[in-house]
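The values are calculated or read from the model by the stated rules, or taken from the named source; none is laboratory data. Computed from a predicted model, the values in this text were never measured in an experiment. With ideal geometry, Cβ positions are generated from the backbone for all residues, glycine too; neighbour counts draw on all protein chains shown.
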């Protein structure tokens, strides 16, 4: 057999052994010794298991290294200044323009029957209710956008 095979077999047998027994022996003089063979007189057997079986991973210590000049915090602030806040403000302005659009556009999109119904009909009431719902949704979107802008500005001003 080749030396590589001997080494492979020895390693395989070493990894397959689930536990080893070690004998703690005490001689007549009170000295303690550890050995593989059973003790001739008085002693105890200690079972030793591989450390990998019951080992729990240790969390790495927190990094004490300082962030570089162009680290994640700088990148986030740069993104907020150049894109985040300007885009959020543009979205708020666009939303407010859409909310301020004249209601005639809403009537125009109702279809060809808009001028054939008498005033005060169910259709007009539904349009008014839909307009109120749209206005409330529009205000809610505007408020959410304002809160996002405030949160981004607060994050940007934080040290």
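Observations on the structure shown:
- Of all residues in the range 133-142, exactly one satisfies the criterion of being modelled with pLDDT of 90 or more and exposed (fewer than 12 other Cβ atoms within 10 Å of the Cβ), namely 140.
- Condition check for residue 52 on (1) part of a helix (DSSP H, G or I); (2) modelled with pLDDT under 65; (3) surrounded by 10 or more Cβ atoms within 10 Å (Cβ to Cβ): one failure, at (3).
- Residue tally, condition over 23 Å from residue 157 (Cα atoms) and either within 21 Å of the chain's Cα centre (by Cα) or touching a residue at least 24 places away in the same chain (Cβ under 8 Å) (or both), over the range 59-96: 7
- Taking every residue in the range 15-28 that is farther than 16 Å from residue 45 by Cβ and pairing it with any residue that is surrounded by fewer than 10 Cβ atoms within 10 Å (Cβ to Cβ) and at pLDDT 55 or above, at least 6 positions away or on another chain, the pairs with Cβ-Cβ distances below 8 Å are 27/41; 28/41.
Results for (1) at pLDDT below 70; (2) surrounded by 10 or more Cβ atoms within 10 Å (Cβ to Cβ), shown as yes or no for each residue.
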residue: 80; (1), (2): no, yes
residue: 99; (1), (2): no, yes
residue: 113; (1), (2): yes, no
residue: 116; (1), (2): yes, no
residue: 120; (1), (2): yes, no
residue: 123; (1), (2): yes, yes
